[in-house]
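> Structure incoming, see below.
The values are calculated or read from the model by the stated rules, or taken from the named source; none is laboratory data. Note that the coordinates shown come from a computational prediction; the quantities given were computed from them, not determined experimentally. Quick reminder, even Gly has a Cβ in these numbers, built from the backbone with ideal geometry, and neighbours come from all protein chains shown.
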Amino acid sequence: MPHKILQVDVAIVGAGPAGLAAATALRHRGVDQVVVLDREAQGGGIPRHCGHPPFGMLEFHRILTGPQYAQRLVTQAINAGVILLTRHSVTRLLPGGELEVATPDGLVKILARRVLIATGVRETPRSARLVTGARPQGITTTGALQSMVYLQGLVPFKRPVVIGTELVAFSALMTAASAGIKPVAMLESGARITARYPCQLLPLFKGIPLLLNTELTEILGINTVQGVSVKDTKSGQSRVIDCDGVIFTGQFTAEATLARMSHLELDPASGGLQIDQFGRCSDPVYFAAGNILRPVETAGWSYREGTSVAAWIADDLARVADATNDSQVILNCEDPIKLVVPQRIIAGQAGGFKYLQLRVSRPVTGELLITAENNQLWSKKMSLLPERRILIPIAALNYPKGTQTLRVYFKEQ
Ligand SMILES: Cc1cc2nc3c(=O)[nH]c(=O)nc-3n(C[C@H](O)[C@H](O)[C@H](O)COP(=O)(O)OP(=O)(O)OC[C@H]3O[C@@H](n4cnc5c(N)ncnc54)[C@H](O)[C@@H]3O)c2cc1C
């Protein structure tokens, strides 16, 4: 049973860019007790182990490395009077703003008037990708590699293969280079890389073969990685690539373990928390911001999202807006639309997020539409790619009074 009780105005779970930016903004709005809880020994979130630039251009008007950016976020929050509690793992979210927290001194209960969930994303590890083979040493994600290389000075392998071509895969190449690691190949199961041009030039300059239409089928080796079996998805032919490690990159999923065990509603499409246009969850005491909302955005985007949601929390505490009793419009997305955030709009309320954020699950060309009943509210002809940011202005959705659902769909050409 928790033996210590702490009462605060706002408790924030996660000291990444979203959580720390929100905490700073809340203090600047005059909110008294703002506490940020993080399970790690240091605040800053993912950027702490991204040892490369560019971070912070819009927020701090500087080009910073990830660790420099993380340090700035922490310093800015502390200077604003935020209480940052590291090595504090939030283990339960209970109705009405009650949190159970595991700390080095035992269990603590926190009672907060409002709670912001900002627990971020993680890459899909090998275990969740159903790849055949034993469990040899030398299999990581980009995040784990960055942590080993930049934070612990470890070099887990010398000649790994890199799986995936999202932007983070190219961070993996840079991390590898900084530790003298030379990947033997970069594998992409699709016909083109997921990240934008000119990312494909990086493996080219570094002399790393970029193998498109190539799927990993098995990891070879018992104690250490000896190689990987790969299949050409066009010809069906298999071959072995000799290597001593595997870096699984991307395929981000919301870090929603805590939320999943709670009473809060999740969005099956994004894997994160379901919110309205103010970032408010199904329990109105709870809000969410940052990459927990959707895989995946940049640190800067998460920072700005945290700042915006903080303003709406401050309004809510000051009772400037009471959105809870108004009618809600639910957004339903259909394949190939993978997700839409926010998933709910409180009708007749000014302010909040300016845009709906969308992602598609595969490359498509045609028309993106939003309708209410059979009324077309918005449409645009577009070519869309997975993992790319798609924004639709919420103000453009002029739905009639009494609308309960909006349909978000795509007509392929
Ligand atoms: C491997 C990797 C590399 C990336 N590289 C880049 C990059 O180069 N540039 C870029 O712009 N973006 C990058 N990103 C995207 C990254 O998610 C964002 O940059 C940004 O960090 C998101 O901010 P956030 O505040 O939402 O979450 P995070 O930065 O992930 O912070 C979440 C925090 O919540 C804490 N937490 C989670 N659960 C609990 C709990 N139960 N109790 C207490 N604390 C908890 C975590 O310890 C963490 O500190 C990368 C992401 C990953 C996974």
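> Do you know which residues across segment 211-260 are touching a residue at least 60 places away in the same chain (Cβ under 8 Å), assigned to a loop (DSSP other than H, G, I, E, B) and more than 12 Å from residue 185 (Cα to Cα)?
Those that are touching a residue at least 60 places away in the same chain (Cβ under 8 Å), assigned to a loop (DSSP other than H, G, I, E, B) and more than 12 Å from residue 185 (Cα to Cα): 221, 222, 223, 225, 226, 249, 250, 251, 252, 255, 256.
> Scan (1) within 17 Å of residue 156 (Cβ to Cβ); (2) out of contact with any Gly (no Cβ under 8 Å at 6 or more places or on another chain) for the single condition residue 235 breaks and write down its number.
In the conditions (1) within 17 Å of residue 156 (Cβ to Cβ); (2) out of contact with any Gly (no Cβ under 8 Å at 6 or more places or on another chain), residue 235 misses (1) alone.
> Provide a single number: the residues in segment 397-413 that are surrounded by 12 or more Cβ atoms within 10 Å (Cβ to Cβ) and farther than 15 Å from residue 361 by Cβ.
7
> Taking residue 62, is it assigned by TED's automatic domain parsing to the domain that holds residue 15, in a loop (DSSP other than H, G, I, E, B), within 8 Å of the ligand (Cβ to nearest atom) and on the phi < 0 side of the Ramachandran plot?
The answer is no for residue 62.
> Which count do you get for residues in segment 270-293 that are of a type in the set (Val, Ile, Thr) and either outside any loop (DSSP other than H, G, I, E, B) or modelled with pLDDT under 95 (or both)?
1
> To continue, here is another question. Of the residues 304, 260, 280, only one is under 18 Å from residue 114 (Cβ atoms), basic (Lys, Arg) and in the same structural domain as residue 53 (by TED's automatic domain parsing); which?
Criteria check complete, one pass: 280.
> Is it the case that segment 31-49 has a residue that's assigned by TED's automatic domain parsing to the domain that holds residue 113, more than 7 Å from the ligand (Cβ to nearest atom), buried (at least 23 other Cβ atoms within 10 Å of the Cβ) and β-branched (Val, Ile, Thr)?
yes
> Now a separate question. Looking at 119, 142, can you tell me which residue is among the hydroxyl-bearing types (Ser, Thr, Tyr), within 13 Å of the ligand (Cβ to nearest atom) and more than 30 Å from residue 224 (Cα to Cα)?
Within the list 119, 142, the selection yields 119.
> Here's a follow-up. Check whether at least one residue in segment 389-398 is of a type in the set (A, V, I, L, M, F, W, C), in a strand (DSSP E or B), within 15 Å of the ligand (Cβ to nearest atom) and in contact (Cβ under 8 Å) with a residue 24 or more places away in the chain, and report yes or no.
no
> Condition first: farther than 28 Å from residue 98 by Cβ and either modelled with pLDDT under 95 or more than 10 Å from the ligand (Cβ to nearest atom) (or both). Now tell me which residues in segment 297-318 satisfy that.
304
> Follow-up question, since we're still on this one. Would you call residue 119 among the polar types (S, T, N, Q), closer than 26 Å to residue 313 by Cα and touching a helix residue (DSSP H, G or I) at 6+ places or on another chain (Cβ under 7 Å)?
yes
> On to the next question. Kindly indicate whether residue 210 is within 15 Å of residue 169 (Cα to Cα), away from the ligand (no atom under 16 Å from the Cβ) and not small (Gly, Ala, Ser).
yes
> Working carefully through the options 327, 308, 262, find the one that is among the small types (Gly, Ala, Ser) and surrounded by fewer than 17 Cβ atoms within 10 Å (Cβ to Cβ).
Of the residues listed, the single one that is among the small types (Gly, Ala, Ser) and surrounded by fewer than 17 Cβ atoms within 10 Å (Cβ to Cβ) is 327.
> Turning to a different aspect of this structure: Residues in segment 75-87 that are surrounded by fewer than 23 Cβ atoms within 10 Å (Cβ to Cβ) and not in a strand (DSSP E or B): how many?
Number of matching residues: 8.
> I've got another one for you. Working only within segment 74-105, note down all residues that are in contact (Cβ under 8 Å) with a residue 40 or more places away in the chain, within 11 Å of the ligand (Cβ to nearest atom) and not hydrophobic (A, V, I, L, M, F, W, C).
Once the filter is applied, which keeps residues that are in contact (Cβ under 8 Å) with a residue 40 or more places away in the chain, within 11 Å of the ligand (Cβ to nearest atom) and not hydrophobic (A, V, I, L, M, F, W, C), segment 74-105 yields 86, 87, 88, 89, 91, 92, 100.
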